[in-house]
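K.L.:
Structure below; questions to follow.
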């Protein structure tokens, strides 16, 4: 069976603003995948579909899961609020498909179903703020370097676009909206109208009209879209309106227009057009006669001349093989993230390694120490290969970050417990960095003392009396955290790598997106013959959101 991917934009969230095709797509699907808040918004459209919902930052995992299910023959609805092609899931779905060698002729079917984007839904609540040229800019710098976002804001401000700012502020990102305001105030009046729309067409909808200088005095968050007017935008009776320019061509308060259509095309009646109204600026009678007698160079003749020059240049280049036509492609920096460590059983950095870290991170990047025997690097770059080469040359072990397998080994008492070291290194070589439904840490203790605490990781291994003990399903965080279950003792050394491989690949294949290993173990009750036992403490605790 050939499956199908339905990439659905369901608009702002209210039922009446979901298109008929979007409703049909959701209801005809076998499986619905989306951010958990979005799944809740379309709850009334769900019948008996399989539901996979994940957190906000799990877009890649959702896309991969959707593609896998479609390849199994299922019809999968991947949902996005607004339009799926505007900061939504459509592009990512295609990226995952292309990575797997997908073609339209032989691969799974893909249908992208459009929805109402935030700029449109918010504009309708504000009045008519995007009647003229407008653009959207996301202030989130998780995927785009802030320096590049600054350039885009600056360019849009200079060009007098109406600007819709998406993702303006979050709990962690608070400076971006402040910096954006500073840039805009360089080019626009402090009185420029600004509309703040939170949760458009949802239960907690809130609409505020303010101006550029006072916009930060109001509550702005991730659910807010900030619409900034251009130089002609004005406020009238709680509405934000951007004229398109009709007032220059027509008299709006009269039924009978002063100029007929053919008269409105005359140069003297369009001083703002390409000819720049030259005749209107001439007062000397002789100069006016000279201009009138001079053949007028029309915009058509200018364009024709330009095309002819391009044609001649192209022919000259074709005749000279030494002058190939090369496209001009601006190199765009992206954020390159990776984890580095000095070794599996070595936790000591050399001076050369520390200097290399400082060099590759530079002024723009960042280093973050973690308690997992790694340092996370975040570096804006156009060429990640240069960075990885420098780091590997000084002996660093490199790993991807995110939802991947990570081996955390003790330092083996300076390598004295050498019998188990080869197995730790082989596990890292075979499994290190592979993508999983959720990040997974395997703790490796080199002796029976288990002083490192491997039993408190997702999977724990303890080397004791020449053999391995295996622990599965520790809950690593939270007030109900608990160690892993002892599921096997005395596993032969030549079997341990194979055993762990099978466990990891089963979890990779069958785990739900964003499902931690201990939850997977509890759900399936058995992993590679190792049975789950409910050993978690039975404690009733009130929810405690982070920060309270």
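The values are calculated or read from the model by the stated rules, or taken from the named source; none is laboratory data. Predicted model, so just to flag it, every value in this text is computed and none were measured. Don't worry about glycine lacking a Cβ; one is built from the backbone with ideal geometry, like all the others, and counts go over all protein chains shown.
K.L.:
Return the residues of the range 150-163 that are in a helix (DSSP H, G or I) and touching a strand residue (DSSP E or B) at 6+ places or on another chain (Cβ under 7 Å); say none if nothing qualifies.
P.N.:
If the condition is that a residue be in a helix (DSSP H, G or I) and touching a strand residue (DSSP E or B) at 6+ places or on another chain (Cβ under 7 Å), then 152, 153, 156 are the ones that fit.
K.L.:
Just checking, how many residues over the range 355-372 are assigned to a strand (DSSP E or B) and farther than 17 Å from residue 402 by Cβ?
P.N.:
Residues that pass the stated criteria total 2.
K.L.:
Now for a different question. Suppose we filter the range 396-423 for residues that are in a loop (DSSP other than H, G, I, E, B) and either crowded, with 16+ Cβ neighbours inside 10 Å or under 32 Å from the mean Cα position of the chain (by Cα) (or both); how many remain?
P.N.:
8
K.L.:
Now for a separate question. Being free of Cβ contacts under 8 Å to residues at least 40 places away in the same chain and in contact with a helix residue (DSSP H, G or I) (Cβ under 6 Å, 6 or more places away or on another chain) is the filter here, so list the residues in the range 142-175 that pass it.
P.N.:
153, 154, 157, listed by residue number.
K.L.:
Could you tell me which of the residues 123, 84 is surrounded by 19 or more Cβ atoms within 10 Å (Cβ to Cβ) and modelled with pLDDT under 95?
P.N.:
84
K.L.:
Follow-up question, since we're still on this one. Is it true that some residue in the range 176-186 is out of contact with any helix residue (DSSP H, G or I) (no Cβ under 8 Å at 6 or more places or on another chain), surrounded by fewer than 19 Cβ atoms within 10 Å (Cβ to Cβ) and part of a helix (DSSP H, G or I)?
P.N.:
Checking the range 176-186: at least one residue is out of contact with any helix residue (DSSP H, G or I) (no Cβ under 8 Å at 6 or more places or on another chain), surrounded by fewer than 19 Cβ atoms within 10 Å (Cβ to Cβ) and part of a helix (DSSP H, G or I).
K.L.:
Please count how many residues of the range 95-132 are in contact with a strand residue (DSSP E or B) (Cβ under 7 Å, 6 or more places away or on another chain) and not in a helix (DSSP H, G or I).
P.N.:
Qualifying residue count, the range 95-132: 15.
K.L.:
Moving on to the next point. Any residue in the range 378-388 that is over 25 Å from residue 143 (Cα atoms) and either without any contact (Cβ under 8 Å) to a residue 24 or more places away in the chain or surrounded by 23 or more Cβ atoms within 10 Å (Cβ to Cβ) (or both)?
P.N.:
Among the residues of the range 378-388, not one is over 25 Å from residue 143 (Cα atoms) and either without any contact (Cβ under 8 Å) to a residue 24 or more places away in the chain or surrounded by 23 or more Cβ atoms within 10 Å (Cβ to Cβ) (or both), which makes the answer no.
K.L.:
Would you confirm, using the coordinates I've provided, whether residue 359 is more than 30 Å from residue 421 (Cα to Cα) and at pLDDT 90 or above?
P.N.:
Yes: the conditions hold for residue 359.
K.L.:
A follow-up question, please. In the range 399-414, is there at least one residue being in contact with a strand residue (DSSP E or B) (Cβ under 7 Å, 6 or more places away or on another chain) and without any contact (Cβ under 8 Å) to a residue 24 or more places away in the chain?
P.N.:
no
K.L.:
While we're looking at this one, here's another question. Do we find a residue being at pLDDT 95 or above, part of a strand (DSSP E or B) and over 17 Å from the mean Cα position of the chain (by Cα) anywhere in the range 135-149?
P.N.:
Checked against the condition, which is being at pLDDT 95 or above, part of a strand (DSSP E or B) and over 17 Å from the mean Cα position of the chain (by Cα), the range 135-149 yields at least one hit.
K.L.:
Could I ask something else about it? Among the strands (runs of 3 or more DSSP E) lying completely within the range 433-532, list those that include at least 3 residues that are over 34 Å from the mean Cα position of the chain (by Cα).
P.N.:
Answer list for the range 433-532: 459-464, 467-472, 485-491.
K.L.:
Scan the range 38-81 residue by residue and report those that are over 17 Å from the mean Cα position of the chain (by Cα), surrounded by 15 or more Cβ atoms within 10 Å (Cβ to Cβ) and assigned to a loop (DSSP other than H, G, I, E, B).
P.N.:
Scanning the range 38-81 gives 42, 49, 74.
K.L.:
Inside the range 187-210, can you point out the residues that are in a loop (DSSP other than H, G, I, E, B), more than 15 Å from residue 221 (Cα to Cα) and without any contact (Cβ under 8 Å) to a residue 60 or more places away in the chain?
P.N.:
The answer is 187, 188, 189, 190, 191, 192, 203.
K.L.:
Further question: List the pairs whose first member sits in the range 9-37 and is on the phi < 0 side of the Ramachandran plot and in a loop (DSSP other than H, G, I, E, B), whose second member is buried (at least 17 other Cβ atoms within 10 Å of the Cβ) and modelled with pLDDT under 90, and whose Cβ atoms are under 8 Å apart, counting only residues at least 6 apart or on separate chains?
P.N.:
If the second residue must be buried (at least 17 other Cβ atoms within 10 Å of the Cβ) and modelled with pLDDT under 90, the pairs left are 10/38; 10/41; 10/42; 18/42; 18/45; 29/49; 30/49.
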